[in-house]
Amino acid sequence: MEWLMVAFVALLLAGQVSSEEIPYEHLMSQIQACPKECHCTPSFPNAVYCDNKGLKRIPVIPPYTWYLYLQNNLIDVLSANALHNATQLRWINLNHNKITSEGLEADALKGMSNLVHLYMEDNLLSSIPSPLPAKLEQLRLSRNRISKIPPGVFSGMDHLTLLDLQSNKLQDDAVTEVSLKGLSNLIQINLAKNQLNTMPLGLPPTTTQIFLDNNNIEKIPAEYFKGLPKLVSLRLNRNKLANGGIPKNVFNLSSILDLQLSHNQLTEIPVISSGLEHLHLDHNKIKSVNSSDICPPGALDDYLDDKGPRLRYLRLDGNEIKPPIPRELMMCFRLLRAIVI
């Protein structure tokens, strides 16, 4: 009866699986090879669910697995042969385990030539895993103990677009042009909640989103954003920025849409570009809003040809500003839909 049920499931799936997915002739073996510790659903045969099972080791994974979920276990070693069968993996989630850099064997990830998403958040890693699969697009390593980025670890990583290193132990000497070399198509980098005192060096010109919240940054070099022409979103909340650490026109960038400087030590509103749409300045030491300083030059005239300031959201609460809001401010930012004060 069991073999009849498996055959029925395979026949049922035959009409649902396209030629780009798991081949029909492999459906039966994939279903039968599901590890006893895990769960496999017939409606999604190329996914294997081994999460929340209290596993200490990775079981034998069927060869046609694309998506592997191993989060919330007790795995402390990722050996070179742990996933030798699963060469077609596209996505692996190893979040919330106990994997150390010592427990991650040298070639453990090397054979995953099709892997595009690697999740290893909330583990015990002290360094970036190496070598990494060349096709990787997203690498999420937040909430580890990473203090080192080995030189050359990102060499040849032309497909990587997202790098999440939030809540680690990175210092300035770990985030350099040498350590980030190879990230030629990076779009988003998250370095929040580390131990940085200066702005990170070596970010590629493709970068559009930079998250640096909860560090110890005091100063931004005047030419820092010159090599970042596509920057759209910058978050520097909860740092140690004061007016003296921000050059006058450093944020006057034509590309930027979202600027967050909450919980710093600013006493004045910095110069912004006319294209900025979201500005977070809450919980600083700003005492007044001088519309002549914040309003871009020629803003009122530009409204005649629809080129005026694009600011839509302004947050100023947690400062020393007293209402009312200056009328000139509203005249300048006519698209403003929300202001928190």
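The values are calculated or read from the model by the stated rules, or taken from the named source; none is laboratory data. Given the structure is predicted, the values throughout are model-derived calculations rather than measurements. When we count neighbours, we look across all protein chains shown, and the Cβ atoms used for this are built from the backbone with ideal geometry, even at glycine. Note: areas computed on protein heavy atoms with side chains; ligands, DNA, RNA excluded. Shrake-Rupley method; radii C 1.70, N 1.55, O 1.52, S 1.80 Å.
Give, as a single signed number, the net charge of other residues whose beta carbon lies under 13 Å from the beta carbon of LEU115, with Lys and Arg counted +1 and Asp and Glu -1.
+3
At a 1.4 Å probe, what is the % contribution of carbon and sulfur to the accessible area of the chain?
With neighbouring chains kept in place, the figure for the chain is 51 percent.
Which number do you get for Rg(Cα) / (2.2 N^0.38 Å) in segment 144-190?
With N residues counted in segment 144-190, Rg over 2.2 N^0.38 Å equals 1.09.
Order these peptides, 159-165, 54-60, by their mean beta-carbon neighbour count within 10 angstrom, highest first.
159-165, 54-60
Using Cα atoms only, what is the angle between the long axis of helix 2-14 and the major principal axis of the chain, expressed in degrees (0 to 90) to the nearest 10?
Taking the Cα atoms of the chain, the angle to 2-14 is about 40 degrees.
Running Debye on segment 26-90 with equal point scatterers at the Cα sites and no solvent, what base-10 log of I(q)/I(0) appears at q = 0.15, 0.16, 0.18, 0.27 Å⁻¹?
Those come out to -0.41, -0.47, -0.59, -1.29, one per q.
Wrap a convex hull around the Cα atoms of segment 145-250, take a quarter of its surface area, and give that in square nanometres.
Projected over every direction and averaged, the Cα hull of segment 145-250 covers 6.0 nm².
Please state, to two decimals, what the Cα-based radius of gyration of segment 86-135 comes to when divided by 2.2 N^0.38 Å (N = residues).
That works out to 1.08 for segment 86-135.
How much accessible area per residue does segment 181-317 have, counting only protein heavy atoms and a probe of 1.4 Å, in square angstrom?
46
Given R₀ = 45 Å, FRET efficiency for GLU102-SER233 by Cβ-Cβ distance, to 0.05?
0.80
Taking the alpha-carbon distance from LYS98 and a cut-off under 23 Å, which lysines remain once sequence neighbours fewer than 8 residues away in the same chain are dropped?
The reachable lysines, counting only those whose Cα sits under 23 Å from LYS98, are LYS36, LYS53, LYS56, LYS110, LYS148, LYS169, LYS193.
Evaluate the Kirkwood expression for the hydrodynamic radius of the chain, namely the inverse of the mean inverse distance over all pairs of different C-alpha atoms, and round to one decimal in Å.
With all distinct Cα pairs of the chain included, I get 22.9 Å.
Got a number for the accessible area of LYS307? Probe 1.4 Å, square angstrom, nearest 10.
130
Based solely on its DSSP helices, what 222 nm [θ] is calculated for the chain when runs of n ≥ 4 H residues each add -39,500 (n - 2.57) and the sum is averaged over all residues, nearest 500 deg cm²/dmol?
Calculated mean residue ellipticity at 222 nm is -2500 deg cm²/dmol.
Before anything else, pin down the relative contact order of segment 153-213: Cα pairs under 8 Å, at least 6 apart, normalised by residue count, whole percent.
Averaging sequence separation for qualifying contacts and normalising by length gives 39 percent for segment 153-213.
Report the far tail of the P(r) of segment 195-341, meaning the percent of Cα-Cα pairs longer than 20 Å.
The answer is 46 percent, as a whole percent.
Per 0.36 nm of contour for each residue apart, how much would the distance between LYS248 and TYR313 grow if the chain were fully extended, relative to their Cα-Cα spacing?
Length difference between fully extended and current span is 21.2 nm.
Leaving ligands, DNA and RNA out of it, work out the accessible area of VAL178 with a 1.4 Å probe and give it in Å² to the nearest 10.
Only protein atoms counted, so the area is about 90 Å².
Evaluate the relative contact order of the chain (contact order divided by residue number), counting alpha-carbon pairs under 8 angstrom at least 6 apart; express in whole percent.
Here the relative contact order equals 7 percent.
Identify all lysines with a Cα-Cα distance to LYS287 below 25 Å; exclude those on the same chain that are fewer than 8 residues away in sequence.
Within the straight-line limit of under 25 Å, LYS287 reaches these lysines: LYS219, LYS240, LYS248, LYS322.
Could you state how much accessible area LEU231 has, in square angstrom rounded to the nearest 10, with a 1.4 Å probe and all protein chains kept in place?
Counting only protein heavy atoms, the figure is 0 Å².
Run the numbers on segment 221-338 and let me know its relative contact order in percent, using alpha-carbon pairs under 8 Å that are six or more apart.
In percent, rounded to a whole number, it is 21.
For ASP76 and ASP173, what does the FRET efficiency come to when R0 = 25 Å and r is the distance between their Cβ atoms, rounded to the nearest 0.05?
Step by step, r from the Cβ atoms, then E = 0.30.
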